[in-house]
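Values in this text are rule-based calculations from the coordinates and carry no lab data. Bear in mind the structure is a predicted one, so any value in this text is a computation, not a measurement. Note: ideal-geometry Cβ built from the backbone for every residue, glycine included; neighbour counts use all protein chains shown.
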């Protein structure tokens with residue numbers, strides 16, 4: 001366990017993005033086969049929360065980076081907690097919103113190589129691979145079984161509320177949650193933070209609205 005939660009970075013990571021995408025496809029095929037299984041969906045929710053709590057614990061034991069990187073303020077982490085909470089409390093409209101975020105967030109994360117500097121297995125890359133994959137699967141399963149239709153006003157309201165909290169937290173903790181302050185360094189692009197806030201909010205609204213329309217068209221035609 002000490003190795004799994006180690007804080008000394010390795011010279012490089014051994015995570016292959018090709019293998020990550022293959023694992024995602026295989027797991028999505030598996031979850032689709034059992035797409036109506038309430039037990040599988042709830043197992044995934046519990047697994048995701050346990051992994052995310054373990055990641056928070058790892059950041060907390062690191063002390064220095066806890067407030068800057070360890071809080072659940074990235075969009076994927078927000079969805080990882082809020083989708084299960086909304087589901088188990090039967091707030092299906094809110095859960096529907098976060099199920100779409102649970103699809104968009106990990107796909108964006110997978111478009112950028114794993115930023116952690118640790119060899120597998122480590123809590124950071126287990127979270128990156130397994131939690132992100134299960135987030136997408138859980139989001140899709142929830143949409144198939146329990147989704148509620150979202151109007152544009154609701155999507156805008158929730159998105160702006162979340163992003164404003166993240167944006168203000170970035171300045172309070174001198175952090176970069178949700179990349180609302182700076183884009184990843186690997187992209188080499190500098191954009192003013194207020195522009196990032198508006199642009200990412202707009203893209204998220206459009207993405208969730210588009211997925212909501214797609215789900216409505218596909219599922220209501222059946």
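Odds and ends about this structure:
- In plain terms, the chain from residue 183 to residue 50 could stretch by 45.1 nm, reckoned as 0.36 nm per residue minus the Cα-Cα distance.
- Gain on full stretching of the segment that runs from residue 25 to residue 193 - 0.36 nm per residue minus C-alpha separation: 57.1 nm
- Using the alpha carbons alone, the radius of gyration of segment 15-221 stands to its Kirkwood radius in an Rg to Rh ratio of 0.95.
- Dividing the summed -39500 (n - 2.57) terms of all DSSP H runs of n ≥ 4 by the residue count of the chain sets its mean residue ellipticity at 222 nm at -22000 deg cm²/dmol.
- Using alpha carbons only, the radius of gyration of segment 103-165 set against its Kirkwood radius gives Rg/Rh = 1.08.
- Here the spin labels are modelled as points 7 Å beyond Cα on the Cα-Cβ line, and at residue 169 and residue 5 they lie 2.2 nm apart.
- Compared with the alpha-carbon gap, the fully stretched path from residue 17 to residue 145 is longer by 43.0 nm at 0.36 nm per residue.
- Euclidean distance between Cα centres, segment 85-152 to segment 154-222, Å: 14 Å
- Relative contact order computed over the chain (Cα-Cα under 8 Å; 6+ residues apart), in percent: 25 percent
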